[in-house]
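Below you'll find the structure, written out as structure tokens, and then a few comments.
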Amino acid sequence: VAAAAAAGVGLTAAAAVTWSHNEARPPLSDSRFVVQDSLIPFAGQGLFAASPVREGEYLFEYAGERLSEEEYFERYRSGEGRYVAVVDTLALLGEPIYTDAADPARSGIARWMNSLPEGECNVRKRKQRFGGQRGRMFFYAARPIEPGEELTFDYGAAYWDAVSAQAAEVEPEEPAADARRLEGTTSANSGQ
């Protein structure tokens with residue numbers, strides 16, 4: 001009985017903390033940010049501050065099409081949704097909620113943020129696991145952010161585990177084979 005009571009207190013405390021993640025403030029205007037080439041090697045484009053951002057300021061929500069777990073795996077059979085964020089819930093509250101931001105017309109600017117390890121990020125996320133805002137993810141400035149600075153947050157270990165698994169499945173050709181192919185093309189084009 002004491003263990004069950006302690007578990008109930010722990011669940012109540014977790015719910016209270018997570019409920020505090022509800023966000024009622026409006027997000028910052030998209031005009032406060034700009035999408036341009038990332039400073040992170042091989043990351044493509046990234047999201048940058050166009051004006052100063054104060055520490056703790058609410059930035060925006062991860063917006064996109066909300067999917068159930070079944071809908072997610074129907075769309076992404078291998079579980080490889082590049083722009084998908086998931087908010088897990090306690091089993092008794094239902095299945096995880098997936099937000100698919102792959103379609104720029106149905107998503108927001110958060111989709112452009114890239115990842116760095118937690119200690120290097122200037123943005124922190126909060127996932128809402130309970131209540132009316134269950135399944136939503138909000139972003140806040142972890143420290144003051146200067147204009148021109150790229151916004152980053154930690155995607156988490158599950159994301160990087162999936163990326164590593166994908167990379168392991170695709171074995172690159174040897175550089176020598178690529179060089180031989182290029183040499184053959186050059187020779188053919190030069191008439192040699």
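The values are calculated or read from the model by the stated rules, or taken from the named source; none is laboratory data. The shown structure was predicted, so the numbers you read here are calculated from the model rather than taken from an experiment. Here Cβ is always computed from backbone atoms with ideal geometry, including for glycine, and neighbour counts include all displayed protein chains. Accessible surface is based on the protein model in full, side chains and every heavy atom, while ligands, DNA and RNA are left aside. Shrake-Rupley method; radii C 1.70, N 1.55, O 1.52, S 1.80 Å.
Can you tell me the length gained on complete extension of the stretch Asp37 to Ser51, counting 0.36 nm per residue apart and subtracting the Cα distance?
Between Asp37 and Ser51, full extension yields 3.3 nm more.
Between Ala102 and Glu118, what is 0.36 nm times their sequence separation minus the Cα-Cα distance? Round to one decimal in nm. Before the final figure, lay out each step's value.
Details: separation 16, 0.36 × 16 = 5.76 nm, distance 2.38 nm.
So the extension gain works out to 3.4 nm.
Where Lys and Arg each count +1 and Asp and Glu each count -1, what net charge lies around Val35 among other residues with Cβ under 11 Å from its Cβ?
Spelling it out: positives minus negatives among the neighbours equals -2.
How do Glu23, Glu146 stack up against each other in accessible area, from largest to smallest, with a 1.4 angstrom probe?
From most exposed to least exposed: Glu146, Glu23.
Less than 11 Å Cβ to Cβ from Lys125, Lys/Arg counted +1 and Asp/Glu -1: what total charge do the surrounding residues give? It would help to have the intermediate numbers written out before the result.
Working: positive: Arg124, Arg126, Lys127, Arg136; negative: Glu61, Glu118, Asp154.
Local net charge: +1.
Would you tally the net charge around Ala141, using a Cβ to Cβ cut-off of less than 12 Å, leaving Ala141 out, and scoring K and R as +1, D and E as -1?
Computed value for this residue: +1.
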